[in-house]
Amino acid sequence: MKKLVLSMLLVMMAFTMNANTIANQLSINNDLLLEDNPVSCYEAADSAASALGYIYGLSYEQEYEVFAFLYDDCMANNP
Amino acid sequence: MKSIKIILIVLFLCQSIIYSQNQFHGKIIYKAIINNSKLDENINDKKNSADTKYLMNSLKTQDLEYVLTFNNNESLFIKENKLVNEGDKNIKIAEIIVGKGTYYYSLKTNELLRYHEFGGEPFIISLIAVEWKLSQEKKQIGKYECFKATAIKKIKNKTGEIINKSIIAWYTPEISLNLGPKEFNGLPGMILELDEGEVSFVASKIELNPNVVLTINKPTKGKKVTQGEFEDIVKRKTSNFSRN
């Protein structure tokens, strides 16, 4: 019986640790995804798209496409 | 009796010649040119970052070609498939500025369509043709005498403001099909040069009645929408972008 309780506790501990590790990992990834790179990539892409949109009189759709392309390109090149 | 036969044959031949002269099929290659005047004014603007300036500078040299394939009933305007370096981001941005999509026009029904994929989803957008003002001004493009026509195209920008873009077209009645690049057609002749303000299309090669069969495939796969509906869909799909 003691063995059973002990093994259950061990399994629960393992689950908790695993969950914490995953949570930490997620939070790191979120920091990377939502704070550092994306803000600078977002701002850089948005600024360039706005400048081109103004100069060339781009439609909303075109300006978004320029933005999306530059943003993806920035994210791919700044992992 | 013999003379009647000869007259009939001559008449038939004349009719065939006249008919074949009025039948056009072929293709026109247009060079798309991104005009630099506004770019030069803005390239040294302190507001623009070094990256933006570099991007602007490299757009000047982009060389894009488009093909208008046509017959007496319909036309298709599409970007020429050239081998380009897939990693060349300037070409991709130049393509967006020039205008992405395939344009189809039916001379029989006046149906004007643009096929475009947005956010991975294909759309067939029905467009309304612009209203032209004809002028007597003329110039020579290659061996063709061309006349000037102007129009206004309305565009909604990121802030929701409507921009009136001045369009100038040079068309030749010598090719008597009212077709042209992108959604621009309806003039009494083929458009050989089109100025959309910041982007121009100039015919660089005209192939009339070649001995090859040219196929024109009307776009059929995609969600059918009007221009207004498409703009709403784009806005909905990009709500994060439009918040600024």
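Things to note:
- Residues located in the range B:116-163, provided they are under 30 Å from B:Thr238 (Cα atoms) and away from chain A (no Cβ under 14 Å): B:Pro122, B:Ile124, B:Ser126, B:Ile128, B:Ala129, B:Val130
- So B:Ile152, is it among the hydrophobic types (A, V, I, L, M, F, W, C), assigned to a strand (DSSP E or B) and over 21 Å from B:Asn110 (Cα atoms): no
- Test result for B:Asn185, surrounded by fewer than 19 Cβ atoms within 10 Å (Cβ to Cβ) and over 26 Å from B:Ser37 (Cα atoms): no
- Unique residue being part of a loop (DSSP other than H, G, I, E, B), small (Gly, Ala, Ser) and surrounded by 14 or more Cβ atoms within 10 Å (Cβ to Cβ) when the list is B:Gly180, B:Gly160: B:Gly180
- Residue check: B:Thr52 meets all listed conditions (1) surrounded by 14 or more Cβ atoms within 10 Å (Cβ to Cβ); (2) at pLDDT 95 or above but one, namely (2).
- When the residues of the range B:85-115 are filtered to those that are part of a loop (DSSP other than H, G, I, E, B) and within 14 Å of chain A (Cβ to nearest Cβ), the one that is farthest from the chain's Cα centre (by Cα) is B:Gly87.
- Any hit, the range B:125-132, residues being among the acidic types (Asp, Glu) and not in a strand (DSSP E or B): yes
- Members of the range A:51-62 that are in contact with a Ser or Thr (Cβ under 9 Å, 6 or more places away or on another chain) and modelled with pLDDT under 90: A:Ala51, A:Leu52
- Note on the range B:185-244: among residues that are assigned to a loop (DSSP other than H, G, I, E, B), farther than 21 Å from B:Tyr115 by Cα and of a type in the set (A, V, I, L, M, F, W, C), the one that is modelled with the highest pLDDT is B:Leu187.
- Residues (more than 9 Å from every other protein chain (Cβ to nearest Cβ), at pLDDT 70 or above and surrounded by 15 or more Cβ atoms within 10 Å (Cβ to Cβ)) located in the range B:55-65: B:Leu64, B:Glu65
The values are calculated or read from the model by the stated rules, or taken from the named source; none is laboratory data. Just so it is clear, the structure is predicted and the values come from calculations on it, not from any experiment. When we count neighbours, we look across all protein chains shown, and the Cβ atoms used for this are built from the backbone with ideal geometry, even at glycine.
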